[in-house]
1. Taking just the alpha-carbon atoms of chain A, what radius of gyration and Dmax come out, in angstrom?
2. Nearest 10 degrees is fine. How inclined is helix B:224-257 to the longest principal axis of chain B, computing both from alpha carbons?
3. How big is the Kirkwood radius of the range B:6-103, worked out from every pair of different alpha carbons and given in Å to one decimal?
4. Can you tell me the mean projection area, over all orientations, of the convex hull of the protein assembly as shown's alpha carbons? Units nm², please.
5. I'd like the mean, over residues of A:120-128, of how many other protein chain beta carbons sit within 10 Å of each residue's own Cβ.
6. On C-alpha positions alone, give me the angle between the axis of helix A:229-243 and the longest principal axis of chain A, in degrees, nearest 10.
7. Given the C-alpha atoms of the range B:263-324, compute the convex hull and give its volume per residue in Å³.
8. Mind checking the mean number of beta-carbon atoms from other chains within 10 Å of the Cβ atoms in B:59-72?
Amino acid sequence: MKRRSKRPGGLRRRFVTPEGVDLQLELASGGARAGAFVIDALIMIVILIGVTLFLLYIGVQEMPEALGILWLIGFFLLRNFWFSLFEMGRRGATPGKRLAGLRVVARDGSRLTGAAVVARNAMREIEVFLPLSFLGMQAAQGVANTFLTLFALTWSGIFLFFPLFNRDRLRVGDLVAGTWVVEVRKTTLSYDLVGAAPRQRRKFPEEALAAYGIYELQRLEHVLRAEQPIAVSTVAATIRDKFGIPSDGDDYGFLSDFYAELCARLEQNMLFGRKRESKHDA
Amino acid sequence: MSGPLVNATRFRLEHADDWAKLESLVERLEKKSLRSLSDDDLLDLPRLYRTTLSSLSVARDTSLDRSLLAYLEQLSTRAYFQLYGVQTSPGRQVLRFFATGWPSAVRALWRELSFCAALMTLSAVAAYFLVLSDPEWFYGIVPGGLADGRDPSASADFLRRTLYDGADGPLALFATFLFTHNAQIAIFSFALGFALAVPTVLLIGYNGLMLGAIVAVFASKGLGPNLAAWLMIHGTTELLAICIAGASGMRIGLALAFPGTATRMDAMVAAGRVAATAMLGTVVMLGVAGILEGIGRQTITDDGLRMLIGGTALAGWLVYFFWPRRGSGQAA
């Protein structure tokens, strides 16, 4: 699951609510954000092409003036406010970001204001559209010489890869607006491994329970929830071999009993202030 | 025989109903709006949120069930953003923008705004005298496409016609094009402020130069007042909008260059929000200017009336922005 979450220097950040609880937000990775942007850009292009074709189809010969005005304004709104309008909504995300499981958040934890959303998206003008239109204009006039192309590419390169060069993955727009983009995953509550019903069937030797810490317990949880027979039997065999426990043919039952025992033991120790991170912990 | 009853299990038994309830409320909030919740649900929401949040803290301290922790974490986060992170309804936001946000943002930019207005005026005056003294300057300042024949070699008659004759072709379309183009420039000059405001200042100065050069051409043929009337009807709104956009760009650049006592990052964020609000307003202004240009300038050909409309528009904007009002102390 989120294996790297505890690793220092990862993408987890403190985010303390007014109630004083640290939610530990996970920042969006560069790849996820690039993917979200590509999706949005594609949707915008498809809308633009679709509407244009439709208008051409309706008024093939003489483009009526009203349609032309509508097209111009529509293009303007699409280009400048697609991102802002969606990010001002309850999800704080454009369709692309929603698909990627991302959301825009004010860095200081306060309300995400409309001004911040407008600021972060207006900056897109110099990050993406300026170099693009610059290149396009040069190409259209047939004067896109090597130097100008190189310049435009360097310019957009600096801005496009800007998020990779700071530890909070901030775009220039995020920098100016005081926002960042975080992952908001939807997970459902998985079933309880230990189970409400008491059902202890196996006893385990003391040294087997004493051998492991929280890290091993949570790896075990991962294996049990994944329910892959090969992994389950491998882990069960390893534990049995290590402590000389005879096999009773039910690897999964063996492991879940072991999990329950170990979990109870570690939890109890934790209550007494003895937290054991892993088996290497004394 | 009772087995090991771990905390996670006890915990789930006690609170799982609350979590599920909160999850369904959050789900509905994310999909629809605040109005989709009943009064009871609305009263329940903060309680459930706090319960879940305290569940999270307790679970972090006592439970080793990783999936439970992950679930509580994401549920609390989603609920937090629905409770704290979301803005008021769109209608109210628009209302607030026009009632206080925009004017107070412009007021906050008054220093930059006066600088931009002065810069534009000075460049215009400079270009005016340059072109009067040597018409060759005109070609260096105004691109041929934009001048469209309105250069020093044009006859007075031709120039007069450009002021009073309705142009042929779809003018409303042209006005719309100008609006979107100008609005794009306004957004640009905001964003370019990030480069320490230098491009923004250049843009404003250049705009003033072109203005002065064109005025000089018309004035040299005795058409100065007529041009002024022609320009004023929408120009007062448009030029003010350009100045505000420039001012908003400058604000960002200045915050970046001279953050004062705040950290550079904080200064930039504060400046960015004020500037973005002002910049968004200029898009509205340029829309108004586009309407004035597309409709007013063609149908109204009387100089006095043109000046009256332009002057009224300018006075209206200034009153709207700078009229002291209650609650103006807490600028955006």
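Every number in this text was worked out from the coordinates using simple rules, so none of it is lab data. Owing to the predicted nature of the structure, the values given are computational and were not obtained by experimental measurement. Here the Cβ positions follow ideal geometry from the backbone for every residue, glycine too, while neighbour counts run over all protein chains shown.
1. My reading of the Cα-based Rg and Dmax gives 27.7, 88 Å.
2. That works out to roughly 40 degrees.
3. About 14.9 Å for the range B:6-103.
4. Mean projected area of the Cα convex hull: 37.2 nm².
5. 5
6. 40
7. Dividing the Cα hull volume of the range B:263-324 by its residue count gives 89 Å³.
8. Shielding by partners across B:59-72 averages 6.
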